[in-house]
1. For D34 and L57, what is the calculated FRET efficiency with R₀ set at 30 Å and r taken between the beta-carbons, to the nearest 0.05?
2. For a quick check: sort M70, M1 by the number of other beta carbons within 10 angstrom, fewest at the front.
3. So which trypsin sites (Lys or Arg not before Pro) in the stretch 1-102 pass both tests, a DSSP loop state and at most 13 other Cβ atoms within 10 Å of the Cβ?
4. Pop the C-beta distance of K97 and M70 into the FRET formula with R0 = 22 Å and round what comes out to the nearest 0.05.
5. Longest segment of the chain with no GluC sites (Glu not before Pro) in a DSSP loop having at most 14 other Cβ atoms within 10 Å?
6. If N is the number of residues in the chain, what value comes out of its Cα radius of gyration divided by 2.2 N^0.38 Å?
7. Can you pull the one-decimal nm distance between simple spin-label points at K144 and A117, each 7 Å off the Cα toward Cβ?
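Just so you know, all these numbers are worked out from the coordinates, no wet-lab data involved. Bear in mind that the values here come from a model prediction, so they are computed numbers and not experimental data. A quick note on method: Cβ atoms are made from the backbone with ideal geometry, for glycine too, and the neighbour counts reach across all protein chains shown.
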Amino acid sequence: MTRSLYEINAAYLQLFERVDPETGEILFTDEELDAIKEEFEVKADNIGCLIKEVKALIKARKEEIDALKMKNDSDQKRVDHLEKYLLNALMMRGKKKLATARNTISTRNTKSVSIDAEILIPKEYLKVKTETSPMKKEIGAALKQGIDVPGCSLVEKTSLTVK
């Protein structure tokens, strides 16, 4: 059974606690230390490989999503074209309804709003969208220059890179 990184780190710390309190003599061998270091490196390497594998899966799924969206858009354009084509053909024949063994096709009159000149529309008929969000780049620049920005601070983080 393999140990978790947490367990390996705990074993590493326990190793350094093995010191004679009276003499200060180290009570572990270089082999024990090397074995824990090796176990840690193998575990970290395996986790690094797993990270790369999962990132590749995420990328592949995103690409598949994009490809499926493109196919959907293309299919929707095809459906729109076919509906216009069939509607025009029915209108040319003066037919409002057609029943076949597999389909019942009918037309109906609907009303929709057409915006001809948006600039002329009165304000009471316009929706206003207001969106606010912090300008992190500008806030970061100000904080780096020593300017106090209430509600903000520079935080130093450590990130992981797996190549």
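1. Values: r = 35 Å, r/R0 = 1.16.
The calculated FRET efficiency here is 0.30.
2. Working: M70 10, M1 2.
Taking fewest neighbouring Cβ atoms as first place, the list is M1, M70.
3. R18, K95, K96, R102
4. On the way: r = 35 Å, r/R0 = 1.60.
After rounding to 0.05, the efficiency reads 0.05.
5. Values: sites that count: E22, E25, E131, E156.
After excluding every exposed loop site, the longest remaining stretch is 26-130.
6. On the way: Rg = 33.9 Å, N = 163, 2.2 N^0.38 = 15.2 Å.
That ratio works out to 2.23.
7. 4.9 nm
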